[in-house]
1. Can you sort 273, 347 so the residue with the fewest Cβ neighbours within 10 Å comes first?
2. Quick one: angle between helix 174-185 and the longest Cα principal axis of the chain, in degrees between 0 and 90, rounded to 10, please.
3. Which of rounded, prolate, oblate describes segment 1-116, given a ≥ b ≥ c as roots of the alpha-carbon gyration tensor eigenvalues and a/c under 1.5 marking rounded, otherwise prolate only if a/b is larger than b/c?
4. Mind checking the angle between helix 386-407 and the chain's longest principal axis? C-alpha axes, 0 to 90 degrees, to the nearest 10.
5. In which sequence would 303, 122, 331 go, from the one with the fewest C-beta neighbours within 10 Å to the one with the most?
6. Please compute the modelled spin-label separation between residue 155 and residue 80, points set 7 Å along Cα→Cβ, answer in nm with one decimal.
7. By how many degrees, between 0 and 90 and to the nearest 10, does the Cα long axis of helix 133-144 differ from the longest principal axis of the chain?
8. Go ahead and run the numbers for FRET between residue 386 and residue 408, Cβ-Cβ distance against an R0 of 35 Å, rounding to 0.05.
């Protein structure tokens, strides 16, 4: 029985990065032996065990065989005679197929160390095409290591294109697609993930609403970058640079989806794109079963980001309509996330990265004004028309801040 550290922790240590998880593979052991040593079995499809003291994962060396479409269509084989090299051969990329013995010796049968030095994401073997989720993993790792200069190897790109055109991506379950996309959006340079997906044709298959944004022009005056797809990627990367949570990053990605459906005769204008974007957000979220908090923020950002950008010019009536629609009083934290998503939209434009956005302070001040109202007293004084009285009080309060803004 031999134990080796494998996967991401070995890779990250060679890159000088910290790693949260440490995984191990066990060669020459049986499930019964692992249990007798105090390891707790947790694997459903193949034997994985938790260390009795550290709770790190220890998996028995295994091989796999493709039996059906999709990433779940595999049969795994574990036995005491499965070698370490056979186990590493089933892994996705060479940089993830490096093992470390207990004495620190590296076992690197597929050239992962050389690819780390060369900053290359390269598949381990031809079996790469059997698992369509590896297209998403390649894109995600490209986003994770973009700032280190990693690029996908040309021969790996070719296999990714083959997967995208084969129809295998269509067999991925929605939750698995969303899991990879969500993790990729949380990387430091999420735009790289979408770039890699677009280059191999996966974006058009999995996120056609995003793919069709590329090549769609916007007004050069307000969008010097012109291309809508480029703008959305800039917004997403800006959200990442501010370490925003996933709902804000998804709102950044989805806020302009409607521009991809604007008839060319209207270009570079996009009349009514806000409502179109909301509909497309709903379709996308239904298809990938995206969590409600991401959907809700993306919907309100898609519909109301125009009003937020015009907050210093719009009337108190329109301001109240936006704040009521975003449920600002009852969901102030989410309203704050909406404002942050609009900030990202403003800065995600060529030359606007450091430009001021006074709308943020104004929109938050407007919420503070509404929060200062004594709604209980208003209700007691207007028992015959409580909703109307509250609405009038909110409008009067916002009118004050609008007038203060004009006076300033």
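Just so you know, all these numbers are worked out from the coordinates, no wet-lab data involved. Note that the coordinates shown come from a computational prediction; the quantities given were computed from them, not determined experimentally. Reconstructed Cβ throughout: ideal geometry from the backbone, glycine too, with neighbour counts over all protein chains shown.
1. The most exposed by this proxy come first: 347, 273.
2. With rounding to tens, the tilt is 80 degrees.
3. Since a/c reaches 1.5 but b/c is at least a/b, the shape of segment 1-116 is classed as oblate.
4. 90
5. Listed from fewest to most nearby Cβ atoms, that is 331, 303, 122.
6. 3.7
7. With rounding to tens, the tilt is 70 degrees.
8. Computed FRET efficiency for residue 386 and residue 408: 0.55.
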